[in-house]
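The values are calculated or read from the model by the stated rules, or taken from the named source; none is laboratory data. Note that the structure is a prediction, hence the values are computed from the model and not measured. Here the Cβ positions follow ideal geometry from the backbone for every residue, glycine too, while neighbour counts run over all protein chains shown. The protein model used for the area step is the full one, side chains on, heavy atoms only, and it has no ligands, DNA or RNA in it. Shrake-Rupley method; radii C 1.70, N 1.55, O 1.52, S 1.80 Å.
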Amino acid sequence: MHHHGYLWTGPKERFDNEALRRPPHPEPPPAGSRPELIQRYREVAAEFPTTDLPPLETAYWLIKPRSIVRGTWEEAKEAAGWLGERLAEYAPRCAAERDRDTIRLARLVDAAAEHLHSGADVSYGFYLERPSYLSLAVVTCSPNRALPGAACPVAWSR
């Protein structure tokens, strides 16, 4: 088991485009459906696996392009350390005062280490200034509990 880290920042309006943050329905619209429905399904089916937008379900990061993996760690503590470094880096830009509280952020890192050690995924999100959004995730790989059939996005050897 190992872990992959993901980070996304961008405009809140883009983050709010939930259609591109969820996988397409396993069944395409039936023949005879409205053309705009068929076209939208095709767009989502083509864009979901390639867009850098954070998926609504954390495990789906694993099907995104390998180029967006920000780090890979065998140890949960190392992966949580990466989260802590990113939290410290972005905390001054957080819109909410509580998201700049170093004690609270340290607790989030400790909780992340425990979750990752147990094989779970971790995903945190914060509103930044302007309004922007920060999404941080660490996803357990080989296998992932929520998406056991997902292939590892990065060649990994111990």
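Which of the residues spanning region 122-145 are within 24 Å of M1 (Cβ to Cβ) and among the polar types (S, T, N, Q)?
Correct list: S123, S135, T140, S142, N144.
Name the single residue that is farthest from V69 (Cα to Cα) among those in region 82-119 being touching a Lys or Arg at 6+ places or on another chain (Cβ under 7 Å) and open to solvent by less than 40 Å² (accessible area, probe 1.4 Å).
Here the answer is C94.
May I ask you to list pairs of residues, at least six apart or on different chains, whose Cβ atoms are under 6 Å apart, with the first in region 64-81 being under 17 Å from L116 (Cα atoms) and the second being assigned to a loop (DSSP other than H, G, I, E, B)?
Close Cβ pairs (under 6 Å, with a partner that is assigned to a loop (DSSP other than H, G, I, E, B)) amount to V69/P153; V69/V154; T72/V154.
Just checking, how many residues over region 36-62 are among the small types (G, A, S) and touching a strand residue (DSSP E or B) at 6+ places or on another chain (Cβ under 9 Å)?
Total meeting the criteria: 1.
Hey, could you check region 50-63 for residues that are of a type in the set (S, T, Y) and touching a Pro at 6+ places or on another chain (Cβ under 7 Å) and say which is nearest to H115 (Cα to Cα)?
Once the filter is applied, the top-ranked residue is Y60.
For region 19-35, check the following and say yes or no: at least one residue is in contact with a strand residue (DSSP E or B) (Cβ under 7 Å, 6 or more places away or on another chain) and crowded, with 16+ Cβ neighbours inside 10 Å.
No; the residues of region 19-35 include none that is in contact with a strand residue (DSSP E or B) (Cβ under 7 Å, 6 or more places away or on another chain) and crowded, with 16+ Cβ neighbours inside 10 Å.
For region 37-49, indicate whether the set of residues that are in a loop (DSSP other than H, G, I, E, B), free of Cβ contacts under 8 Å to residues at least 40 places away in the same chain, among the polar types (S, T, N, Q) and farther than 27 Å from H115 by Cα is non-empty.
No, there is no match, as no residue in region 37-49 is in a loop (DSSP other than H, G, I, E, B), free of Cβ contacts under 8 Å to residues at least 40 places away in the same chain, among the polar types (S, T, N, Q) and farther than 27 Å from H115 by Cα.
To keep it simple, each residue is scored yes or no on (1) touching a strand residue (DSSP E or B) at 6+ places or on another chain (Cβ under 7 Å); (2) of a type in the set (D, E).
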{"site": "V69", "(1), (2)": "yes, no"}
{"site": "A76", "(1), (2)": "yes, no"}
{"site": "L83", "(1), (2)": "yes, no"}
{"site": "E89", "(1), (2)": "no, yes"}
{"site": "R93", "(1), (2)": "yes, no"}
{"site": "A112", "(1), (2)": "yes, no"}
{"site": "S135", "(1), (2)": "yes, no"}
{"site": "A146", "(1), (2)": "no, no"}
